[in-house]
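Data first, discussion second: the structure below is written as structure tokens.
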Amino acid sequence: MSNTRLHSTVAFFGLALGFTVSMIGFGDYGEMNAMFTFQDFRMFLAFAGGVTLVAAGFVALKVAPSRTKMIHKGTVPGSILFGAGWAISGGCPTIPLVQVAEGYVPALATIAGITVGMLGYRKLNARFLHIDSGSCSV
Amino acid sequence: MTEWLPWWAGALGLAFTSLGYYLALGRVFGVSGSWERVLRWKSERETEVLDAQFAEMIAQRRQAAAASAAASGDVQVLERAPAVGGGQPPSGSGAQPAKAGPAHATPQERLPVSTQATFLAAAFIGGVVAALTSGRFEVRTDMGPDFANLVVDGWLMWPVLFFGGILVGVGTRMSGGCSSGHGLNGCGRIEPASILATCLFFGTAVVMSTLLWKVI
């Protein structure tokens, strides 16, 4: 695949992701809180339905688990920290990008926080934790 | 009242993105992984240069062995010569077994880091397009009335969002994925680590959001 075609393909699916996430309502803090507090099941069903369809698709394509994602000592504390951060800021890594795209200027603070958190964790992990947390295979 | 996608349309959109990405590129995406790679831009580029040099060296050895075999008529030399791309690149990180991908994909090689920047930029543009086409685009210096009611209002919003972002950044890297890498694609591939991580981060978000809603 040529470099231009590769970037075009990646860009197409990036556009699709950003568009879908925004249109579902993940960028809206109230909608997200309503999902997490089970006041409204629409977004929860969109996410769970998406996972179910993806799982069905991977089964149909006979895709086995990658085995690059192992349960390790960072899985539990990392997931808890992420969940807390998501509830407070309303942002998993895609969502602050979408929030800024929708005009929410303060979401830039979330983006800055994610950047600082990732850079800080890299140093922390290299020096103290030494966790091999696998790869998203991107 | 904003009109959001019905749940089934959202599910179809997410599944289209995930499965389409896999079918087109032979791998799954993870936004936190893309973000992390973009933040390591310099070292990622250095690794890519090393990988390219390694591949070129292997190709030259292959050509030299083939030329030698043709000159001497020794077919065994050709058979022993390393295949192009058959060696392990020096970086090796993030490698996946080739059998998992579609026939046209090369999942043993990571996508260039520039594609990850493209992916994030495109996600941003996708959000702009969605906001403009649905009439929701509005430049504002708050996070909406729900954030003000449930979390905090005024200037305190900025450090709170920054702190929440730090938790997201540290947490996603510590657990090895986020709502797309673990949640959508990991659970979709029935990865035990992703199922555990998704249950935990979703459960924690439920508890925290309920506390913000009912208590704080």
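The values are calculated or read from the model by the stated rules, or taken from the named source; none is laboratory data. Please read all numbers here as calculations on a predicted model, not as lab measurements. No Cβ is skipped: glycine too gets one built from the backbone with ideal geometry, and neighbour counts run over all protein chains shown.
So which residues in segment B:1-41 are in contact with a helix residue (DSSP H, G or I) (Cβ under 6 Å, 6 or more places away or on another chain) and on the phi > 0 side of the Ramachandran plot, if there are any at all?
None; the set is empty.
For segment A:32-42, name all the residues that are more than 7 Å from chain B (Cβ to nearest Cβ) and either closer than 16 Å to B:LEU150 by Cβ or among the β-branched types (Val, Ile, Thr) (or both).
Pass one, segment A:32-42, residues more than 7 Å from chain B (Cβ to nearest Cβ): A:32, A:34-35, A:38-41.
A:MET32, A:ALA34, A:MET35, A:PHE38, A:GLN39, A:ASP40, listed by residue number.
Could you figure out which of (1) modelled with pLDDT under 95; (2) over 18 Å from B:LEU200 (Cβ atoms); (3) surrounded by 23 or more Cβ atoms within 10 Å (Cβ to Cβ) isn't true of A:PRO93?
(2)
For the list (1) part of a helix (DSSP H, G or I); (2) buried (at least 20 other Cβ atoms within 10 Å of the Cβ); (3) touching a Pro at 6+ places or on another chain (Cβ under 6 Å), I need the number of the one condition that B:GLY13 fails.
(3)
Return the residues of segment B:177-195 that are assigned to a loop (DSSP other than H, G, I, E, B) and either closer than 18 Å to B:PHE119 by Cα or within 11 Å of the chain's Cα centre (by Cα) (or both); say none if nothing qualifies. Talk me through it step by step, then tell me what you get.
Just the residues of segment B:177-195 that are assigned to a loop (DSSP other than H, G, I, E, B), to begin with: B:177-178, B:189-191.
Selection gives B:GLY177, B:CYS178.
Consider segment A:57-67. How many of its residues are at the interface with chain B (Cβ under 7 Å from one of its Cβ atoms) and surrounded by fewer than 16 Cβ atoms within 10 Å (Cβ to Cβ)? Walk me through how you get there before you give the answer.
Within segment A:57-67, the first condition is being at the interface with chain B (Cβ under 7 Å from one of its Cβ atoms), and the residues that meet it are A:57-58, A:63-66.
So of that shortlist, the ones also surrounded by fewer than 16 Cβ atoms within 10 Å (Cβ to Cβ) come out as A:64-65.
Going through segment A:57-67 one residue at a time, the tally reaches 2.
Among (1) in contact with a His (Cβ under 9 Å, 6 or more places away or on another chain); (2) at pLDDT 95 or above, where does B:ALA193 come up short?
It is condition (2) that B:ALA193 fails.
For A:VAL54, all conditions in the list (1) without any contact (Cβ under 8 Å) to a residue 40 or more places away in the chain; (2) of a type in the set (A, V, I, L, M); (3) surrounded by fewer than 24 Cβ atoms within 10 Å (Cβ to Cβ) hold save one; what is the number of the exception?
Among (1) without any contact (Cβ under 8 Å) to a residue 40 or more places away in the chain; (2) of a type in the set (A, V, I, L, M); (3) surrounded by fewer than 24 Cβ atoms within 10 Å (Cβ to Cβ), A:VAL54 violates only (3).
Would you call A:ALA60 in contact with a Phe, Trp or Tyr (Cβ under 8 Å, 6 or more places away or on another chain) and of a type in the set (Gly, Ala, Ser)? Spell out how you get there, then give the answer.
Details: in contact with a Phe, Trp or Tyr (Cβ under 8 Å, 6 or more places away or on another chain): no; of a type in the set (Gly, Ala, Ser): yes.
Here the answer is no, as A:ALA60 does not meet what is asked.
Look through segment A:1-26, keep the residues that are assigned to a loop (DSSP other than H, G, I, E, B) and more than 20 Å from B:LEU23 (Cβ to Cβ), and return whichever of them is nearest to the other protein chains (Cβ to nearest Cβ).
If we filter segment A:1-26 for residues that are assigned to a loop (DSSP other than H, G, I, E, B), which is where we start, we get A:1-2, A:25-26.
From what is left, the residues that are more than 20 Å from B:LEU23 (Cβ to Cβ) are A:25-26.
Details: A:GLY25: 4, A:PHE26: 9 Å.
Ranking the qualifying residues of segment A:1-26, first place goes to A:GLY25.
Among the residues of segment B:154-176, what is the count of those that are at the interface with chain A (Cβ under 7 Å from one of its Cβ atoms) and more than 23 Å from B:GLU191 (Cα to Cα)? Before the answer, list the steps.
Residues of segment B:154-176 that are at the interface with chain A (Cβ under 7 Å from one of its Cβ atoms), as a first pass: B:157-158, B:160-176.
Applying the additional criterion that residues be more than 23 Å from B:GLU191 (Cα to Cα) yields B:157-158, B:160-167.
The number of residues fulfilling the criteria is 10.
List every residue pair whose Cβ atoms lie under 8 Å apart, where the two residues are 6 or more positions apart in sequence or sit on different chains, the first residue falls within segment B:177-193 and is facing chain A (nearest Cβ under 7 Å) and closer than 19 Å to B:ARG37 by Cα, and the second residue, located anywhere, is surrounded by fewer than 24 Cβ atoms within 10 Å (Cβ to Cβ) and of a type in the set (A, V, I, L, M, F, W, C).
Between residues of segment B:177-193 that are facing chain A (nearest Cβ under 7 Å) and closer than 19 Å to B:ARG37 by Cα and residues that are surrounded by fewer than 24 Cβ atoms within 10 Å (Cβ to Cβ) and of a type in the set (A, V, I, L, M, F, W, C), the close pairs are B:SER179/A:PHE47; B:GLY186/B:ALA193; B:GLY186/B:ILE195.
Is at least one residue of segment B:150-159 modelled with pLDDT of 95 or more, in a helix (DSSP H, G or I), buried (at least 23 other Cβ atoms within 10 Å of the Cβ) and not assigned by TED's automatic domain parsing to the domain that holds B:PHE29?
No, every residue in segment B:150-159 fails to be modelled with pLDDT of 95 or more, in a helix (DSSP H, G or I), buried (at least 23 other Cβ atoms within 10 Å of the Cβ) and not assigned by TED's automatic domain parsing to the domain that holds B:PHE29.
Quickly run through segment A:53-79 and pick out the residues that are in contact with a Leu (Cβ under 7 Å, 6 or more places away or on another chain), under 10 Å from B:ALA197 (Cβ atoms) and not in a loop (DSSP other than H, G, I, E, B).
A:THR75, A:VAL76, A:SER79
From the list A:MET118, A:MET70, pick out the single residue that is aliphatic (A, V, I, L, M), facing another protein chain (nearest Cβ under 7 Å), at negative phi and in contact (Cβ under 8 Å) with a residue 60 or more places away in the chain.
Working: A:MET118 fails: in contact (Cβ under 8 Å) with a residue 60 or more places away in the chain.
None of the other options fit; the residue is A:MET70.
For A:TYR104, which of the numbered conditions (1) at the interface with chain B (Cβ under 7 Å from one of its Cβ atoms); (2) farther than 13 Å from B:SER179 by Cβ; (3) crowded, with 21+ Cβ neighbours inside 10 Å; (4) in contact with a helix residue (DSSP H, G or I) (Cβ under 8 Å, 6 or more places away or on another chain) fails to hold?
If we test A:TYR104 against (1) at the interface with chain B (Cβ under 7 Å from one of its Cβ atoms); (2) farther than 13 Å from B:SER179 by Cβ; (3) crowded, with 21+ Cβ neighbours inside 10 Å; (4) in contact with a helix residue (DSSP H, G or I) (Cβ under 8 Å, 6 or more places away or on another chain), just (4) comes out false.
Output the number of the condition that A:TYR29 fails; it satisfies all remaining conditions of (1) closer than 22 Å to B:PHE137 by Cα; (2) more than 7 Å from chain B (Cβ to nearest Cβ); (3) of a type in the set (Phe, Trp, Tyr).
(2)
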